[in-house]
Each structure stands twice: as C-alpha cells, then as structure tokens.
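The values are calculated or read from the model by the stated rules, or taken from the named source; none is laboratory data. It should be emphasised that the depicted structure is a prediction, and the values quoted were computed from it without experimental measurement. As a convention, Cβ positions derive from the backbone with ideal geometry for all residues, glycine included, and neighbour counts pool all protein chains shown. With ligands, DNA and RNA removed, areas are computed over all heavy atoms of the protein, side chains included. Shrake-Rupley method; radii C 1.70, N 1.55, O 1.52, S 1.80 Å.
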Amino acid sequence: MHEKIYPVTLISDKNNIESILKQLLDSGEFQSASAEFFLNEKVIRELYQMDENPYEEIFQTFTYIFNEAEKQPEPKVEKIVFPTVLDTQEISEFTQELSMSITTIKKEILYRQKLKEDIKKNLDLMHSLDKLSIDLTELDNFRYLSYTIGKISRIYYQRFVDSLEKENVLVLDLLEEKEFIWLFIIYECAQNTEKIISISNFLQTDLEISINGTASQISWEYWDKLRAIEYEIKILQLEIKKIFYEKRRFIYSYFDYIFVLKNIHDVLHEKCLLNNNFFVISGWTTQKTYEKLLEKQKEEDLFIVLRSSCTEECPTKLKNPWFFKHFETLVTMFGIPKSNEIDPTISISVLFLVFYGMMFGDIGHGLVLAFSGFILFLMKKNSIFFVIGSAGLSSVLFGFLYGSFFGFEDIFPALWKRPLDNINYFLVTSIVIGFVIIITAMLTHTVNMFIIGKAKEAVFDPNGISGFGLYIIILWAAVYFFMTGKFLYFLIYPAGVFVFMILLKEIIFGEGSFLMRFIQGFFELFEVLISYLTNTLSFIRLGAFAINHAGLFMAFYMMSQMTQNKGLSFLILVLGNILIIVLEGVIVFIQALRLQMYEYFSRFYNGNGRFFNPDRYKL
C-alpha cells in the first residue's frame, strides 16, 4: 500500500528560516527538491541560492574534538528551540581554543608515536642480529673492522651488493620491507669501502645504544624505552580526555545547537531560494506533516503553504503491515513501484509463501528453515532472513497437508494429498493456479492503467482488456477440448476481434511507416500467443518440485536401506536431509521468485519509481 505524498511549496520571512526548516527536519517526512520542478522560470530568476554553509567549519572543529577524545556525539535536537540566546561567535572561539589545546597535545603524541616506530624497527634489527649470533661488543674491540646498519631501496640493492664484491666486506640481510631491505655490513676500515657506502643511496641508521653488549642485551634496552614511550602516549591521551571532560557540559550543549544549524543550512544551501525578505523551499511531504504546516501557518503572518503542482513524479512511500513490510525487499528486487502504481507487496507475499510451501512442503525441513531464518533475522536485522523464516513456516503448513516429516510419510496423516501418490492431480492443479495468477495479473494491469489515466493501453494492451478476453477464450477452448475432444468453433469470432485489437495497438499508436507498424504488431501478437502458452505451462514447476521433493528423499531412503550398518544408514539419512534443505531450499526460493517476476510481475508491474527519501539530520 502507498502512503499519499503531496508536492508542497513553503514561503516565509527569512527570520523564520531556522524554526521552519527545523520543523521539517524534525518531522522526518519532508523531502526537499529542486525548485525548478515546482516554480516557473520567471519566479526562479528573481531568487538566489546561498553560496555556502557558514556552520560547516565550526561543525568540523567539533567533530575533531569528539574524535580525539574518542567520544561519539549523540546530539539531542529536541532541546534546540528557535530563537535561541546562544552566541555563535562565542561558541566558535570556545571550540578554537579547545581545538588548539588538543592539537598541541596531539603533536606530542605524534612525535612519540614516531619514536615508538623507530624503536620497534631497531628492536626488530636487534632480534635479527641476535639470530645471526653476532656479538656487537666483540666487533667494537676490533681495531681494523667496523660495521654499519641501514636500509637500501630494492631498486639499488643488487647494484650495491655487486659494487662491494671486490672489497673485504660481509653483507647480511636483516629485514625485508615493501620498498627497502635492511642490511648489516661488516667491513675492513678502508676509505674506498666507506666511499661506496656513502654514495650508493644506502641510508645508515643510528641505533642510539647507550650500553655495550650483545644484540640480545641491547634489545632489553630498547624494550624499556618502548614501554616508557607507550606510557607517555597513554598519559597524553588521558590529558586530552581530561580537557574534554572539564568542558563536557559546554561541548555537548554547544554541539547540539551547531549540529542543528549545520543541518538546517545544508538544506538551505542545497534546496532553498531567497531574496532580500523571503525564502522559498519546495518538496514532497505526507498528509500528516502537511496538516501540521497548515496549523503553523495560522501562527505566522508571513508563512504560506501551497499544495503546488510539480513537473516531476512524486516519490513512493510504502506503508504495509508489519509482517508484509519485510516482503518489500522482494518487490524492490524487481523495481520500486511508482506513486500512482499499485503496490503488489501483499499479493507478492501471499503468492511467494504459497509457491514456496507447495514446492517444499515438509514439516521437519520447514521447521529447520524457519528456525534458521528467524534466528539470522534477529542477529542481522535483514528482511531477507525474515522472508526465509516465513517460507519455512509455509513449508510446515504444506508439510501437514502432504503428511511429510523429514521425508517420512507414515508419521503424520496427509490433510490434503501426497504428491508422489497423486502426480497428475498436482500437475493439473499447478496449471489451474497458473490460470488464476495470469488472469489476476491482467486484471491488475487493466485497473492500474485506468487509475493512471492510460485508458487506451488498458483496452488494447496484450495484458489489458484485449489480452484478458483472448486468454479467457483460449483457456475456455483448451479446457473444453481436453474434456470432450471437441473444438468450439464459434469462439473463433470473438477471439479474432481481440487479436485484431491487439494488432491495432501497434498500428494506431506505434511509430514509423504503416508497414513497419504492421510487421512489428504482427510479431508482438505472435510473441503474446507464445507467452500465453509458456507462462501458463511454467506453473507446472509447482507440482513438479513438490513431487521432486518427495522423490529426492525417497532416493536417499533407498540408499540407506541398502546398507546393513545402522550407523551408516542413519548418517545417509541425515546427510540427505541436510542436502535437501540447503540445495533444494535455495533452488525452490529462486523458482518461487522466478514465477512471480516473469509470470506475474511482468504483466502489470513497471517498477520505475523511486523511494520517498525525506531530509534527515546527518552527523
């Protein structure tokens, strides 16, 4: 079902901007739109649009303060009432001062975080040296040997190593990064070697070691420095929170006010038009909000509400009962209904559950599906899982009708019939259901066309009156022939009339030459006749899958009986049921959707609408 949406235009004194736009945002039922769809060009030329939002910068400052204090703002917009006595300039100075204090501490934190990363890198280098069993103390005692640690780009690595081959040098790889390789180089004190190292893009690292010892001993020094810096960072982070909590009352109070103003001026900047005295905003709203605006008009001398015309189609707001609300996701898979188009959600919900239950009727399988679907829905809050859970309940219902419990048919009596015992009956029943569904879709399309003012399409369309009449005649003739073996020749004349009407649609209303319109109309008529047959026979899958469901379990049951091991027999039955629930459950879900989208939806539903998307407060 649709909730009625009205195009409206509001005109008021500029002094009322904040109070009126806040009322619209608070309602959550007003979608602002471009004025060009509501006002003529002459009026628009006399108005101007605000260049920028004056509260954007101060809002970003507040966001920075909250982020650094690791707090999530929760603005209480209901507390803000216009006009207010708060001074925006005072708030701006307050936030700037607070931001500067936090920024100063933040710089200290960033500096120590850089030190922390350097220490971690040196610690990794020491671990690598320790694995190589190199004692730095002994190297320092050598008079003619020296060493260095550093990194070189992967691009220059091989060239650098090759250049040292003729020297008395030992090069050891320590760490590999994305762009660099860390090296430990031991070399004979020679001017040539040091020259090669200095000119080869090798970045030497000063380890800043204050003690002599092995790499393992030096690692402990770095560990101590690392922990000390980590505590310093935590202290500075607590200092930011201390500053925040000292000013918390003012921060939250000021932020609520700025948050509301920022959102108001976002709408004002993007959608409103102004002149020296007035502002204008146009959009769509619900009946409830429109009536509230009319009440406010009585209080404001210069406040005017117009239920205006609009050159753009109204957006759609669906309004369905709680249970059917979750099935809107099936409708929107195909498309969003237009505001003047019949909402098929309820009929789709019922048909989907009937289709699914009929094809997958089993008490046990349905209970597993329902339990899984509803549990996932409670966890994920996704409507598709609610649909799956509801499909499971439908399977349970048809399971009682079929007398099937996890495939066994000797536990519960069949309240209707068992598919495997009544194959022809279920196939014929499926075709009858197809007749009813297709006729319903045609009637829905006809009514929909009359509602939106397309009477010609309602009469001549293959899914309108002409198609409905032709399909009924074909159905009547087919049923009579299969029951009696005789053909009703007098039906040729009314059938010819309806065929001619369908052909006339393209000839009269189509584009191009008469010959092209006739050829196109002929092939469209041929396609219509074929679709009547294929769409109707497509519903055989309802009975076929019901039979297949029972037959598939029978196959697993026979396999379990072929083994002499009771444990193995039970395992085959369990795995068989799991396979049926998972594999066939998914296939039946797809087939139920296919029947609706191709055999039902395609005959009356366009789905070219767009959702009603009201303006809301945004952080």
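Numbers for the structure displayed
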quantity	calculated
Translational diffusion coefficient (Stokes-Einstein; Kirkwood radius from C-alpha pairs) of region 472-539 at 10 °C, 1.306 mPa s, in µm²/s	118 µm²/s
Signed unit charges on C-beta, dipole axis of region 424-513, positive-most listed residue ILE452, MET483, LEU427	MET483
Hz values of 3J(HN,Hα) by residue in region 424-430 - Karplus curve (6.51, -1.76, 1.60), Gly and Pro given as x	4, 4, 6, 5, 5, 4, 4
Ranked by how many other beta carbons lie within 10 Å on average, peptides 313-325, 340-352 from highest	340-352, 313-325
Exposure of TRP476 as accessible area (Å², to 10), given a probe of 1.4 Å and all protein chains	130 Å²
Region 464-480 - phi-based ³J(HN,Hα) in whole Hz, Karplus 6.51/-1.76/1.60, Gly and Pro as x	x, 5, 4, x, 4, x, 5, 5, 5, 5, 4, 5, 4, 5, 5, 5, 5
Shape category assigned to region 328-385 from the gyration tensor of Cα positions, a/c cut at 1.5	oblate
Loop sites in region 484-559: GluC sites (Glu not before Pro), DSSP, at most 10 other Cβ within 10 Å	GLU511
Percentage of interatomic Cα-Cα distances in the chain larger than 47 Å	53 percent
Point-to-point label distance, SER153-SER569, nm (Cα→Cβ direction, 7 Å offset)	7.5 nm
Placed amide H near ILE336: partners under 5 Å, 5+ positions off or other chain	GLY609
Within straight-line cross-link reach of LYS247, lysines at Cα separation under 29 Å, skipping those fewer than 8 residues along the same chain	LYS22, LYS71, LYS76, LYS79, LYS106, LYS107, LYS234, LYS262, LYS618
Charge dipole magnitude, Cβ of K and R +1, D and E -1 - the chain, Cα centre, debye nearest 20	2220 debye
Shape parameters for region 1-155, alpha-carbon atoms, Rg then Dmax in Å	30.7, 93
Dipole of the chain, positive direction: furthest Cα of HIS2, ILE530, ILE229, with charges on the beta-carbon	ILE530
Dimensionless Rg/Rh of region 275-323 - Kirkwood Rh, Rg from C-alpha atoms	1.07
The chain: angle of helix 492-509 to the longest principal axis, Cα-based, in degrees nearest 10	40 degrees
Whole-Hz couplings from phi, Karplus 6.51/-1.76/1.60, listed for region 285-296; x for Gly and Pro	8, 8, 4, 4, 5, 4, 5, 5, 5, 5, 5, 5
Cα shape, region 555-619, gyration tensor, a/c 1.5 rule	oblate
Backbone N within region 228-258 under 19 Å of label point (7 Å from TYR111 Cα along the Cβ vector)	228-241
Extreme residue, positive dipole direction of the chain, given options ILE196, MET358, GLN591 (C-beta unit charges)	MET358
Average projection area in nm² (convex hull over Cα atoms of region 491-619, one quarter of hull surface)	17.7 nm²
Alpha carbon convex hull of region 416-493, projected area averaged over orientations, nm²	7.0 nm²
Kirkwood hydrodynamic radius of region 49-103, from inverse mean 1/r over distinct Cα pairs, in Å	12.9 Å
Gain on full stretching of the segment that runs from MET559 to GLU312 - 0.36 nm per residue minus C-alpha separation	82.6 nm
With DNA, RNA and ligands ignored, accessible area of ASP206 (1.4 Å probe; Å², nearest 10)	110 Å²
Degrees separating the helix 345-359 axis from the principal Cα axis of the chain, which is the longest one	90 degrees
Carbon plus sulfur fraction of accessible area for the chain, probe 1.4 Å, in percent	60 percent
Angle in degrees between helix 566-579 and the longest Cα principal axis of the chain, rounded to the nearest 10	80 degrees
